[in-house]
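Read the structure below first, then the notes.
Just so it is clear, none of the values below were taken in a lab; they were calculated from the coordinates. The structure displayed is predicted, hence computed values, not measured ones. Cβ: placed from backbone, ideal geometry, glycine included. Neighbour counts: every protein chain shown.
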Protein chains: 2
Amino acid sequence: MTTEIPEIVIGRLPVYLRELTRLAEEEGKINTSSHELGKRLGISSAQIRKDLSHFGEFGKQGTGYHINYLLEQLRDILHLTREWDVAVVGAGFLGHALAHYKGFSHRGFRIACVFDSDPNKIGEIMDGLTVQSITELESTIKEKNIKVAILVIPASVAQDMTDRLVDAGVTAVLSYAPINLSVPDYVKVSYSDPVIQLQQMAYYLR
Amino acid sequence: MTTEIPEIVIGRLPVYLRELTRLAEEEGKINTSSHELGKRLGISSAQIRKDLSHFGEFGKQGTGYHINYLLEQLRDILHLTREWDVAVVGAGFLGHALAHYKGFSHRGFRIACVFDSDPNKIGEIMDGLTVQSITELESTIKEKNIKVAILVIPASVAQDMTDRLVDAGVTAVLSYAPINLSVPDYVKVSYSDPVIQLQQMAYYLR
DNA sequence: TTAGAATCGTGAAATGTTACACAATTATAT
DNA sequence: ATATAATTGTGTAACATTTCACGATTCTAA
């Protein structure tokens, strides 16, 4: 049970977390089963049980899972029992959208700072946050001990900024820049390029 | 060779396309190899060759690939030799960001219309486009024969809007709403929830 | 003209992931 | 008290994906 957990399994846990939260908060359910959860997510019940079995035994035969207990366990596994400060790099339209998004705080993250290199944007107030100069990137990230960054800048400067973030101590980067980033092994990068996703679907369009 | 191509293979083609475009446009290269491409993407050369072999033989032994020819072939495979009109549903911050994003047009897509239900937003000009009332969704999509939609609305209305889009003829949906969507088999959905991605990475944070 | 290096495409092996199916347990109803 | 239905966790089988490794081809340089 202390073997390396497959990344594909880790990738599904947040989805379970999100759906379980919905079951509890929106529908007031107390218990659920791997069948019910799987049906709602389009995933087989066996897969859900197998995924969870990597971490322990959270259910009860005949009864299923107590939602709040399972939620607690999943948050614990994913290190979401604390709130992670996040640095947003880039104050363009997408940076704005992220800074105003209300969905972070209840799910384990908090936008702690926003950086931009454009003098016209520096000092601008974005939903309670002041846009800082990119020159303050290293000092602020070190001072606040920030580990997570979101990159919303053009591809041309994305690798440079990533290097600076990593040097400053960031170990998780969510990048919206349309470019592959090089990072050391201990740093995780997750990509979000809407065009890549649309192009994948285009294959299936007639 | 006419067996079903694995979806995971299709998923990598746009990434190859993007990197090859960069090699050609940014670095002025004419030829490349599976090794070079793989190194830049963090993918094994064998995987790239195997992926491409599903569709034909595009390289030359000893020489590698002619970039422009391979680009052409990939665009053809992914149905990107034409431009697809896209409907954006939701004119919030994220809808704005997408409507202003310059990265669609050269990669096969064009934002053709934006919808919102808020009377204060309807009529607003967004980068040349006028925000339309959500009541015009069906008629506009049918009229323009739109097959692709981007969902940037709250989870609470996402399933409803998806149903309406699918009824109107949309068969590819890129959803930013933090909820799992139900669609018929012939419809593709791709998800983008920044929090899900951050939560996945949080597992690896100490 | 020949040797050597680079590279592709691909069958087979290795590895990884998902689905099946069942013993064990729990709850419910009679 | 017992039968029935629901459900978990898991070993094993089935299936999917990746990697290996090699014959064939091409280019370059001596």
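So if I take the centroid of the Cα atoms in segment A:1-73 and the same for segment B:74-124, what is the distance between those two points in Å?
One Cα centre to the other: 35 Å.
Could you tell me which of A:Met126, A:Thr162, A:Val173 has its Cα farthest along the dipole of segment A:107-206 towards the positive end, charges placed at Cβ (Lys, Arg +1; Asp, Glu -1), taken about the Cα centre?
The Cα lying farthest towards the positive end belongs to A:Val173.
Let me make sure I get this right: for segment A:75-206, a, b and c are the square roots of the gyration tensor eigenvalues over alpha carbons, sorted descending. Under 1.5 in a/c it's rounded, otherwise prolate if a/b > b/c, else oblate. Which is it?
Details: a/c = 1.40, a/b = 1.24, b/c = 1.13.
Rounded, since a/c falls under 1.5.
Rounded if a/c is under 1.5, else prolate if a/b is larger than b/c, else oblate: which is segment B:77-125, with a ≥ b ≥ c the root eigenvalues of its Cα gyration tensor?
Numbers: a/c = 3.21, a/b = 2.39, b/c = 1.34.
Because a/c hits 1.5 or more and a/b exceeds b/c, segment B:77-125 counts as prolate.
Please give the charge dipole size of segment A:105-190, origin at the Cα centre, charges +1 on K and R Cβ atoms and -1 on D and E Cβ atoms. Round to the nearest 20 debye. Let's see the in-between values first.
Values: 8 positive and 11 negative charges, 80 e Å.
Taking the Cα centre of segment A:105-190 as origin, the dipole is about 380 debye.
Between B:His100 and B:Lys60, what is the label-point separation in nm under the 7 Å Cα-to-beta-carbon projection?
In this crude label model, B:Lys60 to B:His100 measures out at 4.6 nm.
Using the Karplus curve 6.51 cos²θ - 1.76 cosθ + 1.60 with θ = phi - 60°, work out ³J(HN,Hα) for each residue of segment B:4-9 in order, rounded to whole Hz, and write x for Gly and Pro.
Karplus values, whole Hz, x for Gly and Pro: 3, 7, x, 4, 5, 6.
Give me the aspartates and glutamates in straight-line cross-link reach of A:Lys144: C-alpha distance below 16 Å, same-chain residues under 8 apart excluded.
Cα-Cα hits under 16 Å: A:Glu83, A:Asp85, A:Glu136, A:Asp167.
What ranking of A:Val89, B:Val187 emerges when the number of other C-beta atoms within 10 Å of each C-beta is taken as an exposure proxy, fewest first?
Details: A:Val89 29, B:Val187 18.
The order, fewest Cβ neighbours first, is B:Val187, A:Val89.
Quick one: 3J(HN,Hα) in Hz for segment A:107-121, Karplus 6.51/-1.76/1.60 with θ = phi - 60°, rounded, Gly and Pro as x.
10, x, 9, 8, 5, 9, 6, 10, 10, 8, 9, 6, x, 5, 8
For q = 0.14 Å⁻¹, what log10 I(q)/I(0) does segment A:1-160 give under the Debye formula with an equal point scatterer on each alpha carbon and no solvent?
Evaluating at q = 0.14 Å⁻¹ gives log10 I(q)/I(0) of -0.81.
Among A:Asn120, A:Asn31, A:Asn68, determine the one that fluctuates most according to a GNM of chain A built with springs between C-alpha atoms less than 10 Å apart.
A:Asn120
Note down, for the protein assembly as shown, the three equivalent ellipsoid semi-axes (square root of 5 times each alpha carbon gyration tensor eigenvalue), biggest first, whole angstrom. Write down the numbers at each step before the final one.
Values: eigenvalues 192, 147, 143 Å².
For the protein assembly as shown, the semi-axes come out at 31, 27, 27 Å.
Report, in debye and to the nearest 20, how large the dipole of the protein assembly as shown comes out about its Cα centre when Lys and Arg carry +1 and Asp and Glu carry -1 on their Cβ. Don't skip to the end; give the middle numbers.
Values: 42 positive and 50 negative charges, 155 e Å.
So the dipole magnitude of the protein assembly as shown works out to roughly 740 debye.
Quick one: B:Thr3, A:Thr32, B:Thr130, fewest Cβ neighbours within 10 Å first, how do they rank?
Exposure proxy ranking, most exposed first: B:Thr3, B:Thr130, A:Thr32.
Just from its helices, what would the mean residue ellipticity at 222 nm be for chain B, if runs of 4 or more DSSP H residues each count -39500 (n - 2.57) and the sum is divided by every residue, rounded to the nearest 500 deg cm²/dmol? Could you put the intermediate results ahead of the total?
Values: 8 runs with 86 residues, N = 206.
Calculated at 222 nm, the ellipticity per residue is -12500 deg cm²/dmol.
Once the Cα atoms of helix A:67-77 and of chain A are each reduced to a long axis, what angle between those two axes, in degrees from 0 to 90 to the nearest 10, is obtained?
50 degrees
Using the Karplus equation 6.51 cos²θ - 1.76 cosθ + 1.60 (θ = phi - 60°), what ³J(HN,Hα) coupling, rounded to whole Hz, does each residue of segment B:149-165 give in order, writing x for Gly and Pro?
9, 10, 9, 10, 9, x, 3, 4, 10, 5, 5, 4, 5, 4, 4, 5, 4
Within the set A:Lys188/B:Lys188; B:Lys50/B:Lys147; B:Lys29/B:Lys50, which residue pairs have Cα atoms separated by over 25 Å? Walk me through the numbers before you get to the answer.
Values: A:Lys188/B:Lys188 28 Å; B:Lys50/B:Lys147 30 Å; B:Lys29/B:Lys50 23 Å.
Exceeds cut-off: A:Lys188/B:Lys188; B:Lys50/B:Lys147.
How big is the charge dipole of segment B:1-139 about its Cα centre, in debye rounded to the nearest 20, if each Lys and Arg gets +1 on its Cβ and each Asp and Glu gets -1 on its Cβ? Please list the in-between numbers first.
On the way: 15 positive and 19 negative charges, 144 e Å.
Result for segment B:1-139 is approximately 700 debye, rounded to the nearest 20.
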